Amino acid sequence: MRVAFMGTPDFSVSILAALLDAGHDVVCVYCQPPRPAGRGHKEQLTPVHAFAADRAIPVRHPKSLKSDAEQQAFRDLDLDVAVVAAYGLILPQAVLDAPRRGCLNVHASILPRWRGAAPIQRAILAGDTETGVTIMQMDAGLDTGDMLLVERLPITARTTASVLHDQLAALGAKMMVDALTRLDQLVPVKQPEDGVTYAHKLAKDEGRLDWTRPAEELERQVRGLTPWPGVWCQLGEERLKVQAAEVVSGSGVPGTTLDDALTVACGSGALRLTRVQRPGKGPMAAADMLRGFAVPKGFVLT
């Protein structure tokens, strides 16, 4: 098919690669504009932009698709279909209507649960036991279109956001290629009216550990918000990043260490920090940190 691909982050790259490997004619890629990053605030290409440029695919990164000129430019591509995966812009109706077969979206949840920006992380934070990918025929709503394909994946007690991200990206790539192959045979199914939830965009302050909450919730917070926005607590004058933790038995005043192995009392239960990072240091096992930076029993983490 003659395709425009619309996506921005790492999640989208594997889907674009799968379309190319399947022989589709990707005539243009749309993504978010380059943005300043790093200490030098040098503009960096998004992962999709860099991938497409490396393969000499024309790239467009408008800040909006609302103007008549942008919509006409999209129509002029003469597309069979547009494939959308974590693009980051709302598609106006004129854009949705331009391709002959419409716009298909790869969404990393089992719709209608976790519509919105951060379905992978929200599923882990909520304690969901499964998630998946929905291939959806897009409409003007926020992830409200008819479903074409749905496949499921388990979320275990050890599933992290980074692992689940990669699993769902690979699954979404396979499913989108399958959807385009069988597009004439697929029957659109309306989303159920019950069970709608919204995966709101992540905020940096969501990474702060609140020791008054149950240990199970804090452990999911660590798995769901690593690597971004990252999870942290205050260790004396330092901000300690927490990259892995486990729920253990124990009780005490929330935030107080119960031993000298970074086991911290929570609102219920206890959380043992197993992988951490001090300011200016690399990530390390908590046991390695404690050999040179003791945290005694009874210490209060704020």
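Structure notes:
- Residues of the stretch 34-48 classified as under 20 Å from Ile90 (Cα atoms) and either open to solvent by 20 Å² or more (accessible area, probe 1.4 Å) or basic (Lys, Arg) (or both), total: 3
- Among the strands (runs of 3 or more DSSP E) confined to the stretch 21-98, the ones with at least 1 residues that are under 22 Å from the mean Cα position of the chain (by Cα) and farther than 27 Å from Asp146 by Cβ are located at 35-37, 42-44.
- Restricting attention to the stretch 207-234, the residues that are aliphatic (A, V, I, L, M), touching a Gly at 6+ places or on another chain (Cβ under 8 Å) and free of Cβ contacts under 8 Å to residues at least 60 places away in the same chain total 2.
- If the condition is being open to solvent by less than 30 Å² (accessible area, probe 1.4 Å), farther than 10 Å from Ala199 by Cβ and under 17 Å from the mean Cα position of the chain (by Cα), then the stretch 111-139 contributes Leu111, Pro112, Ile124, Asp128, Thr131, Gly132, Val133, Thr134, Ile135.
- Pairs, first over 17 Å from Ala86 (Cα atoms) and part of a helix (DSSP H, G or I) in the stretch 158-184, second modelled with pLDDT of 95 or more and open to solvent by 50 Å² or more (accessible area, probe 1.4 Å), C-beta under 7 Å, six or more apart: Leu180/Met1
- Taken over the stretch 58-90, the criterion of being touching a His at 6+ places or on another chain (Cβ under 7 Å) and open to solvent by 50 Å² or more (accessible area, probe 1.4 Å) is satisfied by His61 alone.
- Evaluation of Glu219 against the conditions (1) open to solvent by less than 50 Å² (accessible area, probe 1.4 Å); (2) outside any helix (DSSP H, G or I); (3) acidic (Asp, Glu) shows that the sole unmet condition is (2).
- Residue in the stretch 182-198 that is under 30 Å from Leu79 (Cβ atoms), open to solvent by less than 30 Å² (accessible area, probe 1.4 Å) and touching a Lys or Arg at 6+ places or on another chain (Cβ under 7 Å) present: yes
The values are calculated or read from the model by the stated rules, or taken from the named source; none is laboratory data. Predicted model only: the values in this text are computed from it and were never measured. Glycine also receives a Cβ, built like all others from the backbone with ideal geometry; neighbour counts cover every protein chain displayed. These area figures cover heavy atoms from the full protein model, side chains too; ligands, DNA and RNA do not enter into them. Shrake-Rupley method; radii C 1.70, N 1.55, O 1.52, S 1.80 Å.
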